[in-house]
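Visitor: Input: one structure, supplied below.
The values are calculated or read from the model by the stated rules, or taken from the named source; none is laboratory data. Bear in mind that the values here come from a model prediction, so they are computed numbers and not experimental data. Here the Cβ is made from the backbone with ideal geometry for all residues, glycine too, and neighbour counts use every protein chain on show. Surface accessibility is based on the protein's heavy atoms, side chains included, excluding ligands, DNA and RNA. Shrake-Rupley method; radii C 1.70, N 1.55, O 1.52, S 1.80 Å.
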Amino acid sequence: MEEFKPGRRGFTAAATALLAGAILPGCGGGGGGAAVTPPPPPPPPPPVPTPVDGPAWPAFGRNAQRAANSGIAAQPLSRIVWQTPVDMAPQYSTQGYLLVHYGSPVISGKNTVVLPVKRAAQKIYKIEGRDGLSGILLWSVDSDYVMPAHNWTPSYNVTLLPDSRMVAPGAGGKVMVRENVDNVSGAVSTRAFYGDAVYTANKAALDTQVVINTPITADTAGNIWFGFVAAAGNPAGVSSGIARIGANGAGSWVSATLTAGDENIAKMATNSAPALSLDQQTLYVVVNGTGSQGYLLALDSTTLALKRRVRLSDPDSGLPARVSDDSTASPSVGPDGEVYIGVLETVYGAHNARGWLLHYSADLALTLTPGSFGWDDTASFVPRAMVPAYLGNSDYLVMVKYNNYGRAGSGDSMNRIAILDPNATQADFISGKTVMKDVMTILAPTPDPAFPGGFIEWCINTAAVDPATKSVMVNSEDGYLYRWDLATNTLSQKIRLTSGLGESYTPTAIGADGKVYAINNAILFAIGN
């Protein structure tokens, strides 16, 4: 379980960009033949913004491989350009923590920011489209989505298709489709993977008996995949598992239990987004069940037939690792096709609650060197040119959170982030097992008042990597967003978003114009020039 630090709920006021309007001069007159002073000339009109046509950020981790690499240079962290709530009624724990996994914003190539928003204390959602320049609301659609059973509130994510349509989970296992997100108006339709007619005839029952429990993954042709949980005896006759809806609207599904070949497996792991191989022919999904044990499955992306499975095991104990539904760790696929997935250790605290980053060949036939941290984190990838000091042989490196939680095992709260070499090794500093070598790490900058000598946690579940500026955007529970400069291994910029608090980990993203997006204390912040 993740360790949290006490924090306050307040946050600093931030500048919000407004559209400027022309100021009309006042009128007045003199009497008695007196000369009339002419009004001052009107101010010049505001400059017309240059239309944006840049690289989209269409999904959690940006693409179907979850690489989280930006296609444009991130703007400097100069100021909060605009901000908006992602939760209209945040519900804090009795300790003041915010145990909600908020969905990632996604951004179209024309700079429309699409974000899921929790719209009440109850777990009900709407989806907003906002202008990336100003934050002004362009459109809003209410969702009828129903949450799966949970402890911490699961993430509710939206995804953009290549034609700028949005897909989002709806009730009953159906998918909501909103036409072009860059248009102020757009039709909304739905698709049920088991058949629209079946859904229409059994709506009341299916809305509560079939629930999407993962983010939606899309390929470049517009095919989509997701996990779902289904009650026994539901009218659609489906069992918890993995669903596909083709670009042509045709749906299919397979059972998680039958596909894994293990009656102890019940479903896809909640919050864990499917990932696609580089050629989009293989779908990687994580399934779990009794005792939180699980498998990584490689499926044919068209037929959903099993290609290979591998049990997710603790590298130290050799026993099944724990695949927690409180985690958002999702498979990510490196530039060489190798697959990474974060898990928790078999016994809580045996690895200081850090878990492990498991590592496999593309066909899952080989178990490769693990990383020393995996809890609630999806690995991002760093081109080797981003780290000038790197002299090794790998073409890319792996960026992960590297917290060392105080009060968990031997954890000392020396919380770091790290760049790892997937092909070099060292001894793990806790277990002595062979793990990926640290290329560089950097310690969190803010002392932890609840753990003397320690530092406040880094707060990311997927970090935006910016090759153009050789930097990574990372959020912290101290309330700041930081730029980690990999050329100098320094936190070269920071901006205060809130006063900080303990919260479930959050995503960062980079928009089509280079703005940086981060969530802190239930607010989405757009940061840039």
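Visitor: Determine the share of segment 328-481's accessible area contributed by carbon and sulfur atoms, expressed in whole percent, with a 1.4 angstrom probe.
Guide: Looking at segment 328-481 in its full context, I get 56 percent from C and S.
Visitor: Of THR498, TYR402, ALA243, which is farthest towards the positive pole of the chain's charge dipole, taken about the Cα centre with +1 and -1 on the beta-carbons of Lys, Arg and Asp, Glu respectively?
Guide: Result: THR498.
Visitor: Also, I was wondering about something else. Could you give the size of the charge dipole of the chain about its Cα centre, using +1 on the Cβ of each K and R and -1 on the Cβ of each D and E, expressed in debye and rounded to the nearest 20? Spell out each step's value before the answer.
Guide: Numbers: 36 positive and 41 negative charges, 140 e Å.
Value, rounded to 20: 680 debye.
Visitor: Round to a whole number: what % of the accessible area of segment 53-139 belongs to carbon and sulfur, probe 1.4 Å? If you can, show how the numbers build up before the last one.
Guide: Values: 1510 of 2850 Å².
Summing carbon and sulfur atoms, their accessible area is 53 percent of the total for segment 53-139.
Visitor: Collect residues whose amide H, placed 1.01 Å from N in the peptide plane, falls under 5 Å from the amide H of LYS437; neighbours closer than 5 in sequence don't count.
Guide: Here the answer is ASP421, ALA424, THR425, GLN426, since their amide H atoms fall under 5 Å of that of LYS437.
Visitor: Taking 0.36 nm per residue of separation and subtracting the Cα-Cα distance, what length does fully extending ASP300 through THR446 add?
Guide: 48.0 nm
Visitor: Another question, then. Would you kindly find the accessible area of PHE451, with a 1.4 Å probe and non-protein molecules such as ligands, DNA and RNA excluded, rounding to the nearest 10 Å²?
Guide: 50
Visitor: Output the pairs from LYS174/LYS401; LYS267/LYS307; LYS123/LYS307; LYS470/LYS515 with a Cα-Cα distance over 26 Å in this structure; if there are none, say none.
Guide: Working: LYS174/LYS401 34 Å; LYS267/LYS307 18 Å; LYS123/LYS307 37 Å; LYS470/LYS515 16 Å.
In this structure, LYS174/LYS401; LYS123/LYS307 exceed 26 Å between Cα atoms.
Visitor: Also: So which aspartates and glutamates can LYS126 reach, going by Cα to Cα under 13 Å and dropping same-chain residues fewer than 8 places off?
Guide: Candidates past the 8-residue exclusion: ASP87, ASP142, ASP144.
Visitor: Please list the non-local residues whose amide H lies under 5 Å from the amide H of ILE460, H modeled 1.01 Å from N, same-chain partners needing a gap of 5 or more.
Guide: Distant-sequence amide H within range of ILE460: THR506.
Visitor: Only Cα pairs under 8 Å and at least 6 apart count here; give the relative contact order of segment 58-142 as a rounded whole percent. Working shown, then result.
Guide: On the way: 116 pairs, mean separation 19.7, N = 85.
Result for segment 58-142 is 23 percent.
Visitor: Moving on. Taking the Cα centre of each part, how many Å lie between segment 289-354 and segment 397-412?
Guide: Rounded to whole Å, the Cα centres lie 18 Å apart.
Visitor: Let me ask something else. Read through the labelled values (1) 135; (2) 171; (3) 238 and report the label of the one computed as volume of the Cα convex hull per residue in Å³ from the structure.
Guide: Given (1) 135; (2) 171; (3) 238, the structure-derived one carries the label (2).
Visitor: Calculate the length of the line joining the C-alpha centroid of segment 97-167 to that of segment 472-529, in whole Å.
Guide: 19
Visitor: I'd like the Karplus ³J(HN,Hα) series for segment 283-291: coefficients 6.51, -1.76, 1.60, θ = phi - 60°, whole numbers in Hz, and an x wherever there's a Gly or Pro.
Guide: 9, 9, 9, 10, 10, 9, x, 3, x
Visitor: Right, another one. Using θ = phi - 60° and the Karplus form 6.51 cos²θ - 1.76 cosθ + 1.60, what ³J(HN,Hα) does each residue of segment 142-148 get, whole Hz, x for Gly and Pro?
Guide: Running phi through 6.51 cos²θ - 1.76 cosθ + 1.60 with θ = phi - 60° gives 6, 9, 9, 3, 10, 6, x Hz.
Visitor: How far apart, in nanometres, would the label points at ARG384 and ASP363 be if each is projected 7 angstrom from Cα along the Cα-to-Cβ direction?
Guide: 2.5
Visitor: Find how much the distance from GLU263 to THR490 grows on full extension, using 0.36 nm per residue of separation minus their present alpha carbon separation; answer in nm with one decimal. Walk me through the numbers before you get to the answer.
Guide: Values: separation 227, 0.36 × 227 = 81.72 nm, distance 4.89 nm.
Contour length minus the Cα-Cα distance gives 76.8 nm.
Visitor: Continuing with the same structure: Please name whichever of VAL435, TYR92, GLY371 sits farthest to the positive end of the charge dipole of the chain, dipole taken about the Cα centre and charges placed at Cβ: Lys and Arg +1, Asp and Glu -1.
Guide: Result: TYR92, furthest along the dipole toward the positive end.
Visitor: Would you mind checking which residues have amide H under 5 Å from GLN293's amide H? H placed 1.01 Å from N; only 5 or more apart, or other chain.
Guide: Residues meeting the amide H criterion: VAL323.
Visitor: Let me ask something else about it. Report relative contact order for segment 307-376 in percent, whole number only (criteria: Cα-Cα under 8 Å, sequence separation at least 6).
Guide: Working: 139 pairs, mean separation 20.6, N = 70.
This gives 29 percent for segment 307-376.
Visitor: Pop out the ³J(HN,Hα) list for segment 77-88 in order, Karplus 6.51 cos²θ - 1.76 cosθ + 1.60 with θ = phi - 60°, rounded to Hz; leave Gly and Pro as x.
Guide: With coefficients 6.51, -1.76 and 1.60, one gets 7, 7, 7, 7, 7, 7, 8, 7, x, 9, 8, 7 Hz.
Visitor: To continue, here is another question. Projected onto the charge dipole of segment 93-196 (+1 at Lys/Arg Cβ, -1 at Asp/Glu Cβ, origin at the Cα centre), which of ASN151, SER108, LEU161 gives the Cα projection farthest towards the positive end?
Guide: Among ASN151, SER108, LEU161, the one farthest towards the positive end of the dipole of segment 93-196 is ASN151.
Visitor: Residue separation times 0.36 nm, minus the C-alpha to C-alpha distance between ASP142 and ALA221: what's the value? Before the final figure, lay out each step's value.
Guide: On the way: separation 79, 0.36 × 79 = 28.44 nm, distance 2.67 nm.
In short, 25.8 nm is gained.
Visitor: Work out the length of the dipole vector of segment 161-221 about its Cα centre, built from +1 on the beta-carbon of each Lys and Arg and -1 on the beta-carbon of each Asp and Glu, and round it to the nearest 20 debye. Kindly include the intermediate steps, with their values, before the conclusion.
Guide: Numbers: 5 positive and 6 negative charges, 37 e Å.
Dipole about the Cα centre, nearest 20: 180 debye.
Visitor: Report the charge-dipole magnitude of segment 81-203 in Debye, nearest 20, computed about the Cα centre from +1 at each Lys and Arg Cβ and -1 at each Asp and Glu Cβ. Intermediate results must be reported in sequence, preceding the final value.
Guide: Numbers: 11 positive and 9 negative charges, 39 e Å.
Computed charge dipole of segment 81-203: roughly 180 debye.
Visitor: To continue, here is another question. Roll a 1.4 Å probe over the protein chains and send me the accessible area per residue for the chain in Å². Walk me through the numbers before you get to the answer.
Guide: Values: 19320 Å² over 529 residues.
Here the residues of the chain average 37 Å² of exposed surface.
Visitor: Let me ask something additional. Could you give me the percent of Cα pairs per 5 Å distance bin for segment 459-529, shortest bin first, beginning at zero and ending with the bin that holds the maximum distance?
Guide: Each 5 Å bin holds this share of Cα pairs: 4, 18, 30, 27, 15, 5, 0.
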